[in-house]
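These notes concern the structure reproduced below.
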Amino acid sequence: MTPLPGHSASILIADDDPLIRLVLRHASERHGYQVIEVSNGSDLLERVAASSFKLCIMDASMPGPSVGVRLTTMRSVAPAMEVLIISGYAEQPESARGSGARFMSKPIELASFDKLLDGLRPSPSLGSAKA
């Protein structure tokens, strides 16, 4: 698939597990997105400050600032960016609740991930549709 006109086609994937990054990269690229990968929270915040992303996918538990600090910083720098928190735990971290971030537990079900990506694409009649 190719990105639609006017569609921001960049996704940031932040996870300290290279296999998770690889799987999410391939799924995102199948949907026409360009992908940037980082392996820690500090690099994630640097990238968010330097570039514009449609979606940031981040592991709740990885080296660097806590998920709460990352969310607060990202919301101040890029308030319109969608955020998906992924975790090996079944529930969203307490510090992320009420943040507007989406949540998926690992292992990621690719069908659910594909639906999320499809929901980020603009709708021809509505402008932008969110999942």
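Within segment 84-121, which residues are at pLDDT below 85, of a type outside the set (A, V, I, L, M, F, W, C) and surrounded by 15 or more Cβ atoms within 10 Å (Cβ to Cβ)? Gln92, Pro93, Ser95, Ser99, Arg121, listed by residue number. Out of the residues in segment 1-34 that are over 21 Å from Thr73 (Cβ atoms) and β-branched (Val, Ile, Thr), state the one that is modelled with the lowest pLDDT. Taking the candidates together, the pick is Thr2. With respect to the conditions (1) of a type in the set (S, T, N, Q); (2) surrounded by 19 or more Cβ atoms within 10 Å (Cβ to Cβ); (3) over 26 Å from Lys115 (Cα atoms), Ser28 lacks only one, and its number is (3). When Ile57 is tested against (1) under 11 Å from the mean Cα position of the chain (by Cα); (2) among the aliphatic types (A, V, I, L, M); (3) at pLDDT below 95, just one condition goes unmet, and that condition is (3).
Of the strands (runs of 3 or more DSSP E) lying entirely inside segment 1-85, those containing at least 2 residues that are without any contact (Cβ under 8 Å) to a residue 40 or more places away in the chain are 34-38.
The values are calculated or read from the model by the stated rules, or taken from the named source; none is laboratory data. Remember, predicted model here, so these are calculated numbers, not experimental data. With ideal geometry, Cβ positions are generated from the backbone for all residues, glycine too; neighbour counts draw on all protein chains shown.
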